[in-house]
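Following: one structure in C-alpha cells, then a few remarks.
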C-alpha cells in the first residue's frame, strides 16, 4: 500500500479519486476478498468446513494479540464494538452508588450503555478542553466509587490521541476503576502501546482493513474475573451441552466470554486478511508514510477553516476535522470532485491512511478552496 504498484494492485478502487474517509469505512485489500471466497469454499464442505473455520478463528486471535500486546488466549471476537460494550456492561454488574466516567469525544458504542435509564450507576462526563481530553481534567471526577473509565485512544470526532500512560496513572492513583480503551480509530494506523488498559475493544471495518461483522476484544488474564460476561449463548460457555446444562451455566472467563454465539466466520476470514496485510506492511511504516500527509493537511487547513483538531502534532493519528456551518453541502461539493470525506452536520472529517498520497491531499485542498 506504500508504493504506486502495490496500491494499484491491492486497492484498485482508489484509482482516480482521493479517498479520505477511512475513519468511517476502510478500503479492504484484494486479499480480504480472496479470504471471503476461501470462506465460501470452506462453507460448501458443510460440517467439514468448521475445521478450517476454527483455524481462521485461532489465527485471527493470534494476529490480534500481536497488535494488542496480549496473548491469543486473552482475545475474544464478537460481532461489533457495540456488542462488546454491552457485554462489558453485563460483566460489571453495576449497582446504585457506582460511578462510570465517559467523555464527550467518544463514539456512542462506548458511552451509551452507561447512559441507558436501566443503568443504575451515576455517569459522569470527562469533557474535552481545547479539543483534547487532558488527564488533569479526569482526576476531579475519580472517586472511590468509580467502577469504570471508558475512552477511545483516538477520537472519532477530531483525531485527538489521549496520553494513555497519563490516563492510566490518574485512574490508578485516584480510584479502583477499570479502564476500557477503544482502539477502533488507531488499530492498523498507528503503533499501539496499551499497557494498563483493562479492556481493549475495536471494530474491524476501518483502519484495520477488514469487513463489517467483527468486534475484537482484549482482556488481560489478570482482569479476566472482572470482565467475564454472564451472557446466554453456547460458544461462550464452559459446558453448554453437558448433562447438567439445565442446572446452571458458567461463562468462560475473560475475553472468551465475549464470543457469545456462532462466530461470524466470513468476517473472521476477512478481518484476519486485513490485519495480516497491515502486519506485512508494518504499522510503523504506515505511520511514517502517512504522518507527514496529516501534518501538511493540518497546516494548510488551519489557513482556510476553523479546526476542531488541536494543533498538537504529538497527539495526532490519522484524522483531521474542521467546523463548517454547511458541512453537508461542502462534503457534496468535494465528492463531486472525487474527494471523499465525512461531513456530518457542523463538521468535516478527513482521515489519512497508508494508501493515501501527497496528491490526495493536494486534490482535497484544491477542491476545498474552490468549494469554499
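Just so it is clear, none of the values below were taken in a lab; they were calculated from the coordinates. If you're wondering where the values come from, they're calculated on a predicted model, not measured in any experiment. All Cβ positions, glycine included, derive from the backbone under ideal geometry; neighbour counts span all protein chains shown.
Panel order for 5, 312, 83, by other beta carbons found within 10 Å of each beta carbon, from fewest to most: 5, 312, 83.
Once the gyration tensor of the Cα atoms in the range 303-372 is diagonalised, the equivalent ellipsoid follows with semi-axes of 18, 16, 11 Å, ordered largest first. Among beta bridges identified by DSSP and lying wholly in the range 179-309, the antiparallel ones come to about 60 percent.
If R0 is taken as 41 Å, the Cβ-Cβ distance between residue 73 and residue 118 corresponds to a FRET efficiency of 0.80. The Rg/Rh ratio for the range 25-144, using Cα coordinates for both the radius of gyration and the Kirkwood hydrodynamic radius, is 1.10.
Label point of residue 280 set 7 angstrom out along Cα-Cβ; within the range 18-56, amide nitrogens under 18 Å from it belong to 27-39, 56. Packing-based ranking of 314-325, 127-138 yields 314-325, 127-138, ordered from highest to lowest mean Cβ neighbour count within 10 Å. As a length-normalised measure over Cα pairs under 8 Å and 6 or more apart, the relative contact order of the chain settles at 22 percent. Extension gain for residue 337-residue 41 works out to 102.6 nm (0.36 nm per residue, less the C-alpha to C-alpha distance).
Protection proxy ranking of 279-288, 176-185, 211-220, by the mean of other Cβ atoms within 10 Å over each peptide's residues and highest first, is 211-220, 176-185, 279-288. Between residue 93 and residue 58, the contour length at 0.36 nm per residue exceeds the Cα-Cα span by 9.7 nm. Here the spin labels are modelled as points 7 Å beyond Cα on the Cα-Cβ line, and at residue 193 and residue 246 they lie 5.6 nm apart. What's the center-to-center distance, using Cα atoms, between the range 110-134 and the range 271-331 in Å? When both Cα centres are located, 25 Å separates them. Only Cα pairs under 8 Å and 6+ residues apart enter the sum, and on that basis the relative contact order of the range 85-153 stands at 41 percent. For the chain, the square roots of the Cα gyration tensor eigenvalues, ordered a ≥ b ≥ c, give a/c of at least 1.5 with a/b no greater than b/c, which places it in the oblate category.
Once the Cα-Cα distance is subtracted from the 0.36 nm per residue extended length, the residue 8 to residue 366 segment shows a gain of 126.5 nm. Rounded to the nearest 500, the helix-only mean residue ellipticity at 222 nm of the chain stands at -11000 deg cm²/dmol, with each DSSP H run of n ≥ 4 adding -39,500 (n - 2.57).
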